[in-house]
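To start, the structure under review is shown below, and the notes come after it.
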Amino acid sequence: MSVLIKNGRIITATDDYVADIFIQGESISAIGKNLSVKADKEIDASGKIVFPGGIDPHVHLDMPFMGTYSSDNYETGTRAALYGGTTMVIDFILQKQGNSLHAALAEWQSRADKNCVGDYSFHMAITDFNEDTKKEIQAFIEVEGITSFKTFMAYKGALMIDDRQMIGLMEEVKKHGGLINVHATNGDMIDYLTQKHRGEGNLTPLYHYLSQREVTEAEASERFVDMTNFTGCPGYIVHLTCEGALNAVRNATKRNQKVFVETCIQYLILDASLYEQNFEGAKWVMSPPLREKKDQETLWAGINQGLVQVVATDHCPFMWEQKLMGKDDFSKIPNGHPAVENRMELLYSEGVHKEKISLNKYVEVACTNPAKIFGMFPQKGTIAVGSDADIVIFDPNEKHILSAVSHHMNVDYSGYEGWEVTGKVKTVLLRGQIAIDNNECLLDKGYGKFIRRNKVSQVI
Ligand code: URP
Ligand code: ZN
Ligand code: ZN
């Protein structure tokens with residue numbers, strides 16, 4: 001099948017021009033003014049902006065966590081992502097402590113394969129680094145095309161690894177050309193504060209926030225960048241939320257160290273006052289928690305200064321019934337919130353429309369940098385001849401309201417209920433096929449493809 005997108009304003013991380021895009025099969029075959037080609041389908045994109053499909057490199061689909069499973073599976077989660085202009089997600093495989101990495105890979109493949117509507121990849125989360133798991137790293141990078149390894153400095157007693165394991169893992173990953181992702185908060189401090197609050201009978205969601213103060217993240221972020229400096233391994237901090245943590249990265253850049261930073265849409269636009277409303281605050285119980293207004297300013301500035309390269313979601317939805325598992329104890333509320341469908345529209349509305357970031361920066365942090373950092377560029381993350389035809393046609397002026405009633409994520413509340421956004425995803429193409437049009441998904445589960453990733457580049 002061939003598609004011609006006519007007269008759209010094409011935005012990449014660096015360009016902004018009006019032209020036609022001709023797609024043959026799965027990829028872009030020509031871009032130019034007034035292309036005289038015949039296509040099976042023509043789309044008039046006049047007055048619209050046209051950008052690469054979003055890539056959300058931080059989602060948790062069908063994930064076993066805190067005694068339950070996140071409520072979006074690979075079908076509902078990747079479909080909802082497409083509705084919101086995200087054509088590819090990267091999910092996390094979790095190693096079970098004591099088991100091999102390949103056993104976990106097989107388990108995650110059995111849940112995801114043939115079930116995705118949109119494209120996907122995995123990071124491999126290492127929860128037990130030892131002489132056996134060390135031997136598996138090279139094959140993940142060179143055979144499986146999974147080149148990034150996630151570590152947790154928190155979730156003590158569950159997912160957390162210690163610094164000795166971290167350093168050993170970094171050396172092995174560096175040797176084979178991979179990247180270490182980290183959830184950088186101090187698990188011991190958080191465990192101490194959590195037990196203290198519980199012991200004092202302070203059990204509401206507010207105490208989730210008070211158990212994970214800024215210092216817990218700043219300390220771990222600094223320790224992580226020091227360990228990456230020591231080992232020379234490239235590092236990527238997921239869901240960075242606050243000034244203290246970003247300052248650790250700023251210091252690292254002074255010694256010419258490259259550390260990639262991801263923040264998430266919620267940390268840019270929501271703040272901790274949401275925890276003051278008793279159990280309702282459970283909707284935003286996530287780790288790290290929402291922060292202060294001053295941290296939002298730091299993060300927007302960090303994006304413009306090039307210190308924050310990616311805006312993701314950490315999409316990890318739970319039904320309200322699941323959140324109620326913690327109604328008498330904040331430490332039992334499953335951590336996470338839904339956002340994969342909302343990220344591109346919220347970032348456009350709050351970032352570009354409100355003039356906090358440029359259109360090029362928008363594409364850079366939501367599409368291009370995730371593709372570059374995680375070894376998929378230029379196949380993904382840009383609009384160029386030869387790239388996959390993953391394309392969003394977007395009306396920058398259409399206003400609409402976000403709501404659980406109209407969203408497609410498998411979760412019965414929205415963290416953004418009633419939020420008015422300016423800008424709407426109109427049409428989405430994934431590898432040349434029309435995925436979303438007129439608020440309808442035209443692809444079936446199974447179309448989504450596992451994307452093998454290359455070794456990691458340190459230059460973006
Ligand atoms: O609250 C969160 N972030 N839930 C998902 C797991 C993680 O830490 O990323
Ligand atoms: Zn995390
Ligand atoms: Zn996460």
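Checking the condition under 30 Å from Phe122 (Cα atoms), touching a strand residue (DSSP E or B) at 6+ places or on another chain (Cβ under 7 Å) and within 16 Å of ligand 2 (Cβ to nearest atom), which residue from Asp56, Asp62 passes? Explain how you work it out, then say what you get.
Working: Asp62 fails: within 16 Å of ligand 2 (Cβ to nearest atom).
Asp56 is the lone residue from the list that is under 30 Å from Phe122 (Cα atoms), touching a strand residue (DSSP E or B) at 6+ places or on another chain (Cβ under 7 Å) and within 16 Å of ligand 2 (Cβ to nearest atom).
Mind checking whether some residue in segment 215-231 is charged (D, E, K, R) and not in a helix (DSSP H, G or I)?
Looking only at segment 215-231, we keep the residues that are charged (D, E, K, R), and these are 217, 219, 222-223, 226.
Adding the requirement that they be not in a helix (DSSP H, G or I) leaves none.
No, every residue in segment 215-231 fails to be charged (D, E, K, R) and not in a helix (DSSP H, G or I).
With the structure loaded, tell me whether Phe22 is assigned to a strand (DSSP E or B) and either modelled with pLDDT under 95 or under 30 Å from Val411 (Cβ atoms) (or both) or whether it fails that test. Before the answer, list the steps.
Numbers: assigned to a strand (DSSP E or B): yes; either modelled with pLDDT under 95 or under 30 Å from Val411 (Cβ atoms) (or both): no.
Taking the combined requirement at face value, the residue does not satisfy it.
With respect to Glu144, is the statement that it is more than 23 Å from Gly77 (Cβ to Cβ) and more than 16 Å from ligand 1 (Cβ to nearest atom) true?
Details: more than 23 Å from Gly77 (Cβ to Cβ): no; more than 16 Å from ligand 1 (Cβ to nearest atom): yes.
No: the conditions fail for Glu144.
Give me the residue from segment 173-219 that is in contact (Cβ under 8 Å) with a residue 40 or more places away in the chain and of a type in the set (D, E, K, R) and, out of that set, surrounded by the most Cβ atoms within 10 Å (Cβ to Cβ).
Glu217
Any residue in segment 239-251 that is touching a residue at least 60 places away in the same chain (Cβ under 8 Å) sitting within a Cβ distance under 6 Å of a residue that is among the β-branched types (Val, Ile, Thr) and away from ligand 1 (no atom under 16 Å from the Cβ)? List the pairs, counting only those 6 or more apart or interchain.
Correct list of pairs: Leu246/Thr298.
Keeping to segment 77-106, report how many residues are under 18 Å from Ser148 (Cα atoms) and not small (Gly, Ala, Ser).
Just the residues of segment 77-106 that are under 18 Å from Ser148 (Cα atoms), to begin with: 88-96, 100-106.
If we keep only those that are not small (Gly, Ala, Ser) as well, we get 88-96, 101-102, 105.
Qualifying residue count for the region: 12.
Looking only at segment 109-127, count how many residues are of a type in the set (D, E, K, R) and out of contact with any Leu (no Cβ under 9 Å at 6 or more places or on another chain). Working first, answer last.
At the first step, the residues of segment 109-127 found to be of a type in the set (D, E, K, R) are 111, 113-114, 119.
Now drop any that are not out of contact with any Leu (no Cβ under 9 Å at 6 or more places or on another chain), which leaves 113-114.
Within segment 109-127, residues that are of a type in the set (D, E, K, R) and out of contact with any Leu (no Cβ under 9 Å at 6 or more places or on another chain) number 2.
Return yes when Asp226 is over 22 Å from the mean Cα position of the chain (by Cα) and acidic (Asp, Glu) and no when it is not.
On the way: over 22 Å from the mean Cα position of the chain (by Cα): yes; acidic (Asp, Glu): yes.
In short, yes.
Return the residues of segment 275-325 that are among the charged types (D, E, K, R) and within 16 Å of ligand 3 (Cβ to nearest atom); say none if nothing qualifies. Spell out the reasoning first.
Narrowing segment 275-325 to residues among the charged types (D, E, K, R): 276, 280, 283, 291-295, 297, 314, 321, 323.
Residue satisfying the conditions is Asp314 alone.
Go through the residues of segment 269-280 one by one and say whether even a single one is modelled with pLDDT under 95, away from ligand 1 (no atom under 16 Å from the Cβ) and more than 29 Å from Lys354 (Cα to Cα).
Yes, the conditions are met somewhere in segment 269-280.
For segment 89-147, give me the residue count where each residue is of a type in the set (S, T, N, Q), closer than 23 Å to Lys380 by Cα and surrounded by fewer than 20 Cβ atoms within 10 Å (Cβ to Cβ). Walk me through how you get there before you give the answer.
Of the residues in segment 89-147, the ones of a type in the set (S, T, N, Q) are 95, 97, 99-100, 109-110, 115, 121, 127, 130, 133, 138, 147.
Okay, now just the ones that are also closer than 23 Å to Lys380 by Cα, so 109, 115, 121, 147.
Checking which are surrounded by fewer than 20 Cβ atoms within 10 Å (Cβ to Cβ) leaves us with 109, 115.
Of the residues in segment 89-147, 2 are of a type in the set (S, T, N, Q), closer than 23 Å to Lys380 by Cα and surrounded by fewer than 20 Cβ atoms within 10 Å (Cβ to Cβ).
So Tyr74 ticks every box in (1) within 26 Å of Lys323 (Cβ to Cβ); (2) within 16 Å of ligand 1 (Cβ to nearest atom) but one. Which box is left unticked?
(2)
Yes or no, residue by residue, for (1) under 29 Å from Gly418 (Cβ atoms); (2) part of a helix (DSSP H, G or I):
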position: Gly306; (1), (2): no, no
position: Leu324; (1), (2): yes, yes
position: Lys372; (1), (2): no, yes
position: Thr382; (1), (2): no, no
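Taking segment 327-371, which residues are among the charged types (D, E, K, R), within 16 Å of ligand 1 (Cβ to nearest atom) and under 18 Å from the mean Cα position of the chain (by Cα)?
Arg343
Across segment 124-167, what is the total count of residues that are over 30 Å from Lys449 (Cα atoms) and within 16 Å of ligand 3 (Cβ to nearest atom)?
6
The values are calculated or read from the model by the stated rules, or taken from the named source; none is laboratory data. Predicted model, so just to flag it, every value in this text is computed and none were measured. Heads up, the Cβs are rebuilt from the backbone with ideal geometry, glycines too, and the neighbour counts pull from every protein chain shown.
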